[in-house]
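To start, the structure itself, in structure tokens.
The values are calculated or read from the model by the stated rules, or taken from the named source; none is laboratory data. Keep in mind that what you see is a predicted model, and the values were worked out from it rather than measured. Cβ coordinates were reconstructed from backbone atoms using ideal geometry, including for glycine residues, and neighbour counts include every protein chain displayed. Areas reflect the complete protein model, heavy atoms only, side chains present, ligands, DNA and RNA absent. Shrake-Rupley method; radii C 1.70, N 1.55, O 1.52, S 1.80 Å.
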Amino acid sequence: MTGNGGLAASAGRIDRPLVLVGLMGVGKSTIGRRLANALDRSFVDADEEIERAADRIVSEIFEAHGEAYFRDGERRVIARLMDEGHGVIATGGGAFVDDETRALVLEKGIAIWLDCDLETLVERTSRKNTRPLLKSGEPRAILQGLKEKRSPAYAQAQIRVVTDDGPHEATVNRILEELATWR
Ligand code: S3P
């Protein structure tokens, strides 16, 4: 139960896939699952789908074949997911930076940029060491660089919601509010 049935009902009239974009650690998968639940829609995680298709985890793909190979697979998998009629799709942090993927998502879906401050990202990403891009140096400096470089792409998303350290429920509610007034 979410206690936001009215909002969910007005947001529910949108029939395009809702695509969560933003940096690593911002909470795309967790928020995505909860958003799908609130809207009674299906959820899919693009990184998990890439891992399934490659039969390897993301860090192994990076290690064995490099980032360019991962990006090719990511582009193909997201194109397929956009066609499959999923309700909510969580993407990996680099997906929406790809020109082709971004154009496709903006055309066929609604991109929701989850944004938050650097400190929160550093703290959240430190809980797992599965992210290949954070292994090549000091995670804070890498995240700061990615934030600067990628924000112009993320800013093209139709919706931006700032997440802070508050409960996920609050972020989901803010997304539902934005969707309810979406035209
Ligand atoms: C990446 C983010 C990761 C994963 C890969 C590359 C990125 O996903 O796709 O490690 O380029 O920002 P999350 O954003 O879910 O961590």
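At a glance:
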read-out	value
Count of residues meeting criterion [open to solvent by 40 Å² or more (accessible area, probe 1.4 Å), of a type in the set (A, V, I, L, M) and not in a loop (DSSP other than H, G, I, E, B)] in the stretch 143-169	1
Residue that is at pLDDT 95 or above, closer than 30 Å to Glu119 by Cβ, in contact with a Leu (Cβ under 9 Å, 6 or more places away or on another chain) and of a type in the set (Ser, Thr, Tyr), where the choices are Thr91, Thr30, Thr2	Thr91
Scope the stretch 103-114; condition open to solvent by 10 Å² or more (accessible area, probe 1.4 Å) and under 12 Å from the mean Cα position of the chain (by Cα); matching residues	Trp113
Some residue of the stretch 140-148 being away from the ligand (no atom under 12 Å from the Cβ) and at pLDDT below 95	no
Condition check for Leu118: within 11 Å of the ligand (Cβ to nearest atom) and either open to solvent by 10 Å² or more (accessible area, probe 1.4 Å) or among the aliphatic types (A, V, I, L, M) (or both)	no
Verdict on Glu177 being touching a residue at least 40 places away in the same chain (Cβ under 8 Å), surrounded by fewer than 18 Cβ atoms within 10 Å (Cβ to Cβ) and either closer than 23 Å to Glu100 by Cβ or of a type outside the set (A, V, I, L, M) (or both)	yes
